[in-house]
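Inspection log for the structure reproduced underneath, given as structure tokens.
Bear in mind these aren't lab numbers, they're just calculated from the coordinates by the rules spelled out. This is a predicted model, so every value here is computed, not measured. All Cβ positions, glycine included, derive from the backbone under ideal geometry; neighbour counts span all protein chains shown.
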Amino acid sequence: MNIVTEREPQASYDLVIATNIFVYFDDRELALAFANIGSMLTGGGFLIHNELRAAVEPMGAAARLPVLDARMVRLMEDDRRAIYDGQVIHRKENAQ
């Protein structure tokens, strides 16, 4: 499924994990992906990804997927380097 251009109307997921995907989207594509994922998540469902760009928070809010937590995490460290990645958790708002 192309999450930018497609959605499954009958889908109902509690959790979506999307790592190393959103980094390849421009802001327009990212907004479309959030809208499509948001339409397939149940109320209270979670989206977890690793894209830390500033646009994530307002786009998530627009798709009723406010950010619960966002941070940089250290994955690995040795005597030569440390490797870091992002972590963002959204939770879909329940229908009113």
Checklist entry - Which of the following residues is in a loop (DSSP other than H, G, I, E, B) and out of contact with any His (no Cβ under 9 Å at 6 or more places or on another chain): ASN36, ASN94? => result ASN94
Next on the checklist: Give all pairs with beta carbons closer than 7 Å in which a residue from region 58-81 that is assigned to a strand (DSSP E or B) meets a residue that is among the charged types (D, E, K, R); count only pairs at least 6 apart in sequence or on separate chains.
Outcome noted: VAL67/GLU57; LEU68/ARG91; VAL73/ASP85; LEU75/ASP85
Checklist outcome for this item: Exactly one of ILE3, ILE89, ILE17 is outside any strand (DSSP E or B) and among the β-branched types (Val, Ile, Thr), and that one is ILE3
Checklist entry - Yes or no: ASP14 closer than 24 Å to TYR84 by Cα, touching a residue at least 12 places away in the same chain (Cβ under 8 Å) and of a type outside the set (Val, Ile, Thr)? => result no
Item to check | Top-ranked residue of region 1-32 - restricted to ones that are touching a strand residue (DSSP E or B) at 6+ places or on another chain (Cβ under 8 Å) and among the hydrophobic types (A, V, I, L, M, F, W, C), ranked as farthest from ALA70 (Cα to Cα) | outcome: ILE3
Checklist entry - With respect to GLU57, is the statement that it is out of contact with any Gly (no Cβ under 9 Å at 6 or more places or on another chain), of a type outside the set (Val, Ile, Thr) and within 11 Å of HIS90 (Cβ to Cβ) true? => result yes
Checklist outcome for this item: Among the residues of region 27-61, the number that are within 10 Å of the chain's Cα centre (by Cα), crowded, with 19+ Cβ neighbours inside 10 Å and of a type in the set (S, T, N, Q) is 0
